[in-house]
Structure formats: C-alpha cells, structure tokens
1. Scan the stretch 24-72 for residues that are free of Cβ contacts under 8 Å to residues at least 60 places away in the same chain, outside any helix (DSSP H, G or I) and either surrounded by 14 or more Cβ atoms within 10 Å (Cβ to Cβ) or not charged (D, E, K, R) (or both) and jot them down.
2. Please specify each residue of the stretch 166-177 satisfying the condition of being surrounded by 15 or more Cβ atoms within 10 Å (Cβ to Cβ) and either among the aliphatic types (A, V, I, L, M) or at pLDDT 90 or above (or both).
3. Name every residue in the stretch 15-58 that is of a type in the set (A, V, I, L, M) and more than 18 Å from Arg128 (Cβ to Cβ), in order of residue number.
4. Answer yes or no as to whether Leu12 is without any contact (Cβ under 8 Å) to a residue 40 or more places away in the chain and either among the hydroxyl-bearing types (Ser, Thr, Tyr) or within 19 Å of Ala117 (Cβ to Cβ) (or both).
5. Can you name the number of the only condition in (1) within 13 Å of the chain's Cα centre (by Cα); (2) among the hydrophobic types (A, V, I, L, M, F, W, C); (3) modelled with pLDDT of 80 or more that Ile80 fails?
6. Consider only pairs whose beta carbons are under 8 Å apart and that are at least six residues apart or on different chains; among these, list those whose first residue lies in the stretch 186-214 and is over 14 Å from Leu78 (Cα atoms) and whose second residue is at pLDDT below 80 and of a type outside the set (D, E, K, R).
7. Identify all residues within the stretch 133-148 that are in contact (Cβ under 8 Å) with a residue 60 or more places away in the chain and either under 17 Å from the mean Cα position of the chain (by Cα) or more than 30 Å from Leu61 (Cα to Cα) (or both); write none if there are none.
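The values are calculated or read from the model by the stated rules, or taken from the named source; none is laboratory data. The structure presented is a predicted model; accordingly, all values stated were derived computationally and were not measured. Neighbour counts are summed over all protein chains in view; Cβ atoms, including those assigned to glycine, are modelled from backbone coordinates with ideal geometry.
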Amino acid sequence: MQPNDTKEQLELQALQFFARNDYERSSLNDIAKALGVTKGAIYHYFKGKDDLFYASVNRLLNMVEGWFVDALPRDIPLKILLDNLFRMDETLTEIGEHSGLGDAITDYKNIMYLFLAALKKFPDIRKRLDDIYTGFHDVLADAMSRAVDKGEIRKDTDIEAVAYEITAFSEGALLLGAFTDRKDYSVLGPRVCEAIWARIALPAMGRRQGEKNETK
C-alpha cells in the first residue's frame with residue numbers, strides 16, 4: 001500500500017469514527033484504537049486530531065461534490081434527472097456504497113453531526129458547503145434552461161425559483177429525517193417531484209413540436 005493510500009484509508013476510517021462518535025469527547029487514543037493503528041501512524045500523516053478531522057470532512061465534501069457531478073449529467077431528459085434527484089434513499093445508499101462508508105453515512109444524522117461539528121471548528125467549511133449548494137443550484141438551473149430550449153418545460157418557468165425549490169426540498173427533507181424518525185422523503189419525494197413537473201412541463205403536443213423544431 002502506497003503512502004498516499006494509507007493516508008486516504010486513515011481519512012475514510014476516521015470519517016466513519018467521527019460520524020458515529022462525539023468529536024469533542026474523543027481522544028486521539030480513542031481514534032487510534034478504533035482505527036487499529038498507533039498514534040504515531042496518525043501523526044505520520046496528520047498534525048493531530050483536529051487536522052485528521054478537517055481532512056476527513058473535506059474528503060466527505062469531495063465525495064458529495066463528485067456525486068453532484070454524476071447526478072446531474074447533461075445528456076438526459078430533465079424529467080429523468082429530477083426523478084433521480086428525488087430518490088434520496090437510493091442516493092444516500094449509493095454514496096455509502098461507493099465511498100465504502102456504508103451506514104455511517106446513509107444515516108443522515110451522522111452527516112449532520114459531522115458538518116455541524118466541522119462548522120463550529122473550521123469556519124472555512126462554511127464556504128465549501130456554500131460553494132457546493134451554489135454549484136448544485138447553478139447546474140440545475142442550467143439543466144432547466146436547456147430543457148426550455150428542447151421544448152421539455154414551459155418557457156415561462158421561473159428557473160431560478162424552481163432550482164432553489166428543489167435544492168431547498170432536498171436538504172430540508174433530509175434535515176427533517178435527521179431530527180425525527182420519520183423518513184417521509186422516501187414516499188413524498190417522488191410525489192413532490194411529480195407536482196413540480198406538472199407545473200413546469202409542456203403538454204405532450206408542445207414537446208413534440210419542440211423536438212420537430214430541433215431537427216430542422
């Protein structure tokens with residue numbers, strides 16, 4: 001295993017630990033024991049507990065950014081893109097599986113704890129989160145602009161407002177799921193998606209006309 005691979009594995013394992021345990025009350029000895037390494041192994045790559053926590057949270061943010069890129073491809077119809085976004089149970093499971101973090105991440109309470117602890121400790125994490133949400137909103141708005149050009153949705157759609165609505169629902173539904181035992185987003189997410197789509201979609205005839213105009 002190369003040194004950079006060892007560092008990456010420490011970050012991923014520490015991320016699972018921090019997701020399930022109280023950061024403030026965990027000592028470096030606790031972390032090393034949970035990771036099955038010595039404190040010296042941690043100090044070889046990180047300055048200490050804070051540095052390991054900071055690196056681990058940033059690794060999670062990199063994963064989230066990567067997922068947003070994969071979740072918003074440019075070459076699929078907007079309706080399919082929205083259907084995928086509103087299946088949040090599947091999204092969390094996919095992130096957990098692909099990252100190797102499993103249920104440490106699929107339980108959104110763990111993610112919320114990580115981010116809240118990181119925001120308290122490292123103010124620049126707020127900027128990273130803001131950039132991620134802004135990027136998600138902008139890419140979604142761009143996808144809707146293309147959908148207008150393709151005749152998929154109405155030209156009078158308030159693209160900025162709808163993009164904000166979708167972003168706010170996605171995060172708000174997960175927050176409610178984190179603060180309560182209710183997972184309404186797994187049932188209501190697709191229904192909210194259909195409600196939004198019903199407001200912005202062109203009638204079938206309009207979509208066909210837009211397709212004809214594209215081929216001319």
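1. Passing the criteria: Ser26, Ser27, Gly36, Val37, Thr38, Phe46, Gly48.
2. Passing the criteria: Ile166, Ala173, Leu174.
3. Listed by number, the residues that qualify are Leu28, Ile31, Ala32, Ala34, Leu35, Val37, Ala41, Ile42.
4. In short, no.
5. The number of the failed condition is (1).
6. Ser186/Met88; Leu188/Ala173; Gly189/Met88; Gly189/Ala173
7. Gly135, Phe136, Val139, Leu140 - these are the residues of the stretch 133-148 that are in contact (Cβ under 8 Å) with a residue 60 or more places away in the chain and either under 17 Å from the mean Cα position of the chain (by Cα) or more than 30 Å from Leu61 (Cα to Cα) (or both).
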